[in-house]
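The values are calculated or read from the model by the stated rules, or taken from the named source; none is laboratory data. Predicted, not measured: the structure shown is a model, and the values here were computed from it. Here the Cβ positions follow ideal geometry from the backbone for every residue, glycine too, while neighbour counts run over all protein chains shown.
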Amino acid sequence: MSQKAPKPPKGLEPPGRALWRSVLGDLEAGWRLDKIELHLLANACRIEDQAVALEAAVARDGAVVEGSRGQLRPHPGVGESRQLRLAQERLLRPLELTDPARKREREPLSSQRARHAVEARHAKSRLASVGD
């Protein structure tokens, strides 16, 4: 029996709805998001709408605009969009949308080695405590 994916929250624009459908559509069989995860996803989708709107304004106006005294300055949407994308990434990260085994395959070699070293250290300490 397959569960129907939850509908996108009301008020989302097309980019936010697309992100919602993309994330829920890419979940592996049998996986579903709980209420907290759906709340995080909804906020990430709202940010998607805001970021896309800002990025469109930057594309329309250019990355550099004229300031109040005629000086050239970066478009305010550039920094705001960057901050929104960082916030969005922080909201989506806890969802762990990939299978942990596959995630490890994509880890840099240095991270894999560090993880193996920590696991080996902990295994030795557990063995030592069992022998006591």
- Task: Might you let me know whether the range 92-104 holds any residue that is assigned to a helix (DSSP H, G or I), within 22 Å of the chain's Cα centre (by Cα), of a type in the set (Gly, Ala, Ser) and at pLDDT below 75?
- Result: yes
- In the range 9-29, anything free of Cβ contacts under 8 Å to residues at least 40 places away in the same chain and under 17 Å from the mean Cα position of the chain (by Cα) is listed as PRO15, GLY16, ARG17, ALA18, LEU19, TRP20, ARG21, SER22, LEU24, GLY25
- Report yes if LEU84 is out of contact with any strand residue (DSSP E or B) (no Cβ under 7 Å at 6 or more places or on another chain) and assigned to a loop (DSSP other than H, G, I, E, B), otherwise no. no
- Looking at the range 30-65, which of its residues are outside any helix (DSSP H, G or I) and either in contact with a Leu (Cβ under 6 Å, 6 or more places away or on another chain) or free of Cβ contacts under 8 Å to residues at least 24 places away in the same chain (or both)? GLY30, TRP31, ASP34, GLY62, ALA63, VAL64, VAL65
